Amino acid sequence: MDHFQYKNGELYAEDVALTKLAEEVGTPFYVYSRATLERHYNVFADAVKELDSTICFAVKANSNIAVIKTLADLGAGADVVSVGELKRALKAGVPANKVVFSGVGKSRSDLEYAVKAGIRQINVESEEELVVLSDVATKLGARMPIVLRVNPNVDAKTHEKISTGKSDNKFGIDWTRAVEVYQRASNMSGVDPKGLACHIGSQLVDLEPFRAAFRRMKEMVGELRSLGLDVTRVDLGGGLGIPYEEDETPLPVEYGKLVVEELGDLGVEFEFEPGRMIAGNAGLLVSEVLYVKQAPTKTFAVIDAAMNDLMRPSLYSAYHAIVPVFEPETDEKVTYDVVGPICETGDTFAKDRKLPKLASADLVAFRTAGAYGATMSNTYNSRALIPEVMVSGDQYAVVRKRVDIEELLDLESLADWQS
Ligand code: LLP
């Protein structure tokens, strides 16, 4: 359920017409619905309410500070993977003690920053990182709470580029070594091992891989405890899939039930790191049709958004529903390739997509663009970043302004010898 609905034949974000936003900020732009973000957070929180847990929103899914703040106001923590994301979370008002820091490549200075910031925990992904972290924290006179992110070697059955829990993926500490590493960590001066973490992938549309991973986690917790080691936290990562097409995906309530069933009696605090499930359906990308171009075998709808604005279709062949902002008057459909202006064929949003008839200057919206949309955008072809707008009821605010190309050019300079 989202709050992007047609009213009087026109698509609205809550109570604001998208045409009004397009006039105000120009196209293309992202628009987020605060009510949808809140609804999704509350649905997830409700699904895990039987468990003692902190919901750490995966900031990589949508890192706009207005989005993070909306969730922080409901009690969310944050899962961050860089100092940049950590700064965003703190700026948006997430208390440091609700921030977890994941990632395979945290540098010494990243670790130092996180220790000084007093965050809840660092999710350590290798023995090598453990050694550096302990050294960093010891020098700062701290004993940093950590969990070990384990790689449970479970196939998440998702797209290969977003699968993270197989032993040939770069993530986590191999589960067969985790107990030994935990023992080692418990004897280090700069770290305080609290428990384990896992995250096996994103956009999981089947609960069974989660079940397999959870069972492995439970086994490991048992083993650690039998060795007299303390385990008080388990971080279960994110990964819950959402419907992009008409596909069926597990409901958060089913996921919550599964956690309770498999791990409810562990006597630990849980952390969850949902990203897509909260932000995905809370955002649209709105774009204008520039040309409808007739080629010998295809009709191309050339729009003003491109792969640099929304990378998912070109990177993962991901499907995003594309809908016209004005509700069509007839059921007539035309088959289009929907493409952007970038100079490569990969700049294609949809192939052979049946859509209502389009014409130059029509507005279209990409659904389910609130997660991994703006955060993955870039400036390829010297296209500056597009604005993000948040709507709440009949109010709206530009929460990231459109970057001016001059601002990008100002970052560059000629070498001395070129003047
Ligand atoms: N926790 C960790 C450690 C992660 O690596 C991720 C996502 C999450 C949580 C959040 O997962 P979610 O609940 O959103 O599935 N760019 C890709 C998705 C990459 C996901 C990376 N990790 C896409 O557009 O599909």
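The values are calculated or read from the model by the stated rules, or taken from the named source; none is laboratory data. The shown structure was predicted, so the numbers you read here are calculated from the model rather than taken from an experiment. So basically every Cβ, Gly included, is an ideal-geometry build from the backbone, and we count neighbours across all protein chains shown. Note: accessible area is taken over every heavy atom of the protein model, side chains too, but ligands, DNA and RNA are not part of it. Shrake-Rupley method; radii C 1.70, N 1.55, O 1.52, S 1.80 Å.
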Enumerated helices (runs of 4 or more DSSP H) restricted to the range 1-72, each holding at least 1 residues that are at pLDDT 95 or above and within 24 Å of P95 (Cβ to Cβ): 34-47, 65-72
Checked against (1) within 14 Å of the ligand (Cβ to nearest atom); (2) open to solvent by 50 Å² or more (accessible area, probe 1.4 Å); (3) basic (K, R), K257 satisfies every condition except (1)
Would you please list the contacts, defined by Cβ atoms under 6 Å and residues six or more apart or on different chains, that run from a residue in the range 92-104 that is at positive phi to a residue that is within 16 Å of the ligand (Cβ to nearest atom) and open to solvent by 10 Å² or more (accessible area, probe 1.4 Å)? G103/V81
Kindly provide the set of residues from the range 308-320 that are open to solvent by 20 Å² or more (accessible area, probe 1.4 Å) and in contact with a strand residue (DSSP E or B) (Cβ under 8 Å, 6 or more places away or on another chain), ordered by number. S314, Y319
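If you scan the range 260-284, which residues turn out to be in a helix (DSSP H, G or I), more than 10 Å from the ligand (Cβ to nearest atom) and open to solvent by less than 40 Å² (accessible area, probe 1.4 Å)?
E262, L263, N281, A282
For residues in the range 102-117 being open to solvent by less than 30 Å² (accessible area, probe 1.4 Å) and among the small types (G, A, S), which is farthest from the ligand (Cβ to nearest atom)?
Among residues in the range 102-117 that are open to solvent by less than 30 Å² (accessible area, probe 1.4 Å) and among the small types (G, A, S), the one farthest from the ligand (Cβ to nearest atom) is A114.
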Does the range 32-45 contain any residue that is without any contact (Cβ under 8 Å) to a residue 40 or more places away in the chain, farther than 21 Å from M376 by Cα and surrounded by fewer than 16 Cβ atoms within 10 Å (Cβ to Cβ)? yes
Out of the residues in the range 90-107 that are in contact with a helix residue (DSSP H, G or I) (Cβ under 6 Å, 6 or more places away or on another chain) and assigned to a helix (DSSP H, G or I), which is farthest from Y32 (Cα to Cα)? A96
Tally up the residues in the range 171-195 that are touching a His at 6+ places or on another chain (Cβ under 9 Å) and open to solvent by 20 Å² or more (accessible area, probe 1.4 Å), please. 1
Could you list, in sequence order, the residues of the range 150-170 that are open to solvent by 50 Å² or more (accessible area, probe 1.4 Å) and touching a residue at least 12 places away in the same chain (Cβ under 8 Å)? N153, D155, K157, H159, K161, K166, S167, K170
Might you let me know whether the range 166-183 holds any residue that is out of contact with any Leu (no Cβ under 7 Å at 6 or more places or on another chain) and closer than 23 Å to G280 by Cβ? yes
Selection count, the range 244-267, where residues are out of contact with any Lys or Arg (no Cβ under 9 Å at 6 or more places or on another chain) and under 18 Å from R39 (Cβ atoms): 7
Name the single residue, out of those in the range 218-240 being in a loop (DSSP other than H, G, I, E, B) and aliphatic (A, V, I, L, M), that is farthest from A371 (Cα to Cα). L227
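Residue by residue, here is whether (1) over 28 Å from L18 (Cα atoms); (2) away from the ligand (no atom under 16 Å from the Cβ) holds:
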| site | (1), (2) |
| --- | --- |
| E245 | no, no |
| P252 | yes, no |
| A295 | yes, yes |
| S314 | no, no |
| V323 | no, yes |
Evaluate the range 255-264: report whether one residue or more is within 20 Å of T158 (Cβ to Cβ), free of Cβ contacts under 8 Å to residues at least 60 places away in the same chain and within 25 Å of the chain's Cα centre (by Cα). yes
Scan the range 11-28 and tell me whether some residue there is among the polar types (S, T, N, Q) and open to solvent by less than 20 Å² (accessible area, probe 1.4 Å). no
Given (1) farther than 24 Å from N169 by Cα; (2) acidic (D, E); (3) in contact (Cβ under 8 Å) with a residue 24 or more places away in the chain, identify the lone condition not met by D206. (1)
In this structure, does A359 turn out to be open to solvent by 40 Å² or more (accessible area, probe 1.4 Å), more than 22 Å from E14 (Cα to Cα), assigned by TED's automatic domain parsing to the domain that holds A301 and among the small types (G, A, S)? yes
Which of the following residues is surrounded by 12 or more Cβ atoms within 10 Å (Cβ to Cβ) and at positive phi: T348, T368? T368
Working only within the range 384-403, note down all residues that are part of a loop (DSSP other than H, G, I, E, B) and either at pLDDT below 95 or under 23 Å from the mean Cα position of the chain (by Cα) (or both). A384, L385, I386, P387, K401, R402, V403
